[in-house]
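Here the structure comes first, spelled out in structure tokens, and everything after it is commentary.
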Amino acid sequence: MSSFKYKNSAAGASMQSAANITLRQILEPNNVNLRSKKTHIVCTLGPACKSVETLVKLIDAGMDICRFNFSHGSHEDHKEMFNNVLKAQELRPNCLLGMLLDTKGPEIRTGFLKNKEVHLKEGSKLKLVTDYEFLGDETCIACSYKKLPQSVKPGNIILIADGSVSCKVLETHEDHVITEVLNSAVIGERKNMNLPNVKVDLPIISEKDKNDILNFAIPMG
């Protein structure tokens, strides 16, 4: 996870502008937003709140850190949002906003499905295969992590779709894992998969993360 500097758009500068604020200004009752807070309100920005008008409303509601989720969107999309945040802050010059870049990081995802979604039932067996071209169904789903069978062992828990589905590992084989579904749920395609208490053999920083940091976060300052 990487973060931008604090911006004070009214002065058109960053941390230096904040440093020039006097103690008298900070203690003024009307300038409560200039005071350093121990608790911050972080808002993830996306298409639904990209307009300057909506961003101003978020600032008025207490947002003081803007989170840019780099698991989604292009650099162009995020740059447009970044510029809109600066415009919104110009309309609220007494508010300091932090810019937070949340890198995608290493991830494991389920694959595509024959019918776009599957109904998993508690107590049923679910096979997880490492062939990501496989179109899944209620009995078998693909996994993007090639080393899944070598990383997990019987008894481990696999969480799918932000934990909405829990599966217990029963057997491991060369290219697949047999699990038991612990709760009923409906999931769609390409859902995230987490392996609690399992050492995952994936790079901490991916090439995409490096590109996002070097070619977006640093230039945007």
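The numbers here are math on the coordinates, done by the rules we state, and not lab data. Remember, predicted model here, so these are calculated numbers, not experimental data. As a convention, Cβ positions derive from the backbone with ideal geometry for all residues, glycine included, and neighbour counts pool all protein chains shown.
Between beta-carbons, use under 14 Å as the cut-off and find the net charge around Gly46, counting Lys and Arg +1, Asp and Glu -1. Please report the intermediate quantities before stating the final value.
Values: positive: Lys50, Arg67; negative: Asp77, Glu80, Asp102.
Neighbour charge sum, excluding Gly46 itself: -1.
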- [ ] Would you mind ranking His78, His72 by Cβ crowding within 10 Å, fewest neighbours first?
- [x] His72, His78
Task: Qualifying aspartates and glutamates (Cα of each under 16 Å from Cα of Lys125; at least 8 residues distant if same chain) - done: Asp137, Glu138, Glu171, Glu180
TODO: Would you mind classifying the stretch 102-183 by shape? Square roots of the alpha carbon gyration tensor eigenvalues, ordered a ≥ b ≥ c; an a/c under 1.5 is rounded, otherwise it is prolate if a/b is larger than b/c and oblate if not.
DONE: rounded
- [ ] Give me the distance in nm between label points sitting 7 Å out from Cα along the Cα-to-Cβ direction at Asn211 and Asn197, one decimal.
- [x] 3.7
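If each residue of separation counts as 0.36 nm, what is the full-extension length gain between Lys116 and Asp137 once their alpha-carbon separation is subtracted? The partial results should precede the final answer.
Numbers: separation 21, 0.36 × 21 = 7.56 nm, distance 0.89 nm.
Once the chain is fully extended between Lys116 and Asp137, it gains 6.7 nm.
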Task: Residues Phe70, Phe134, Phe112 arranged by fewest to most Cβ contacts within 10 Å - done: Phe112, Phe134, Phe70
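Greater than 23 Å separation of Cα atoms is the criterion. Which listed pairs, Lys114/Lys153; Lys104/Lys153; Lys104/Lys199, meet it? Show your work: numbers first, answer last.
On the way: Lys114/Lys153 28 Å; Lys104/Lys153 27 Å; Lys104/Lys199 19 Å.
Where the Cα-Cα span goes over 23 Å, the pairs concerned are Lys114/Lys153; Lys104/Lys153.
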Task: Modelled FRET efficiency - R0 30 Å, Leu86 with Lys38, Cβ distances, 0.05 increments - done: 0.75
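Counting other C-beta atoms within 10 Å, which of Val129, Val85 has the fewest, and how do the rest follow? Intermediate results must be reported in sequence, preceding the final value.
Values: Val129 19, Val85 24.
Placing the least packed residue first, the sequence is Val129, Val85.
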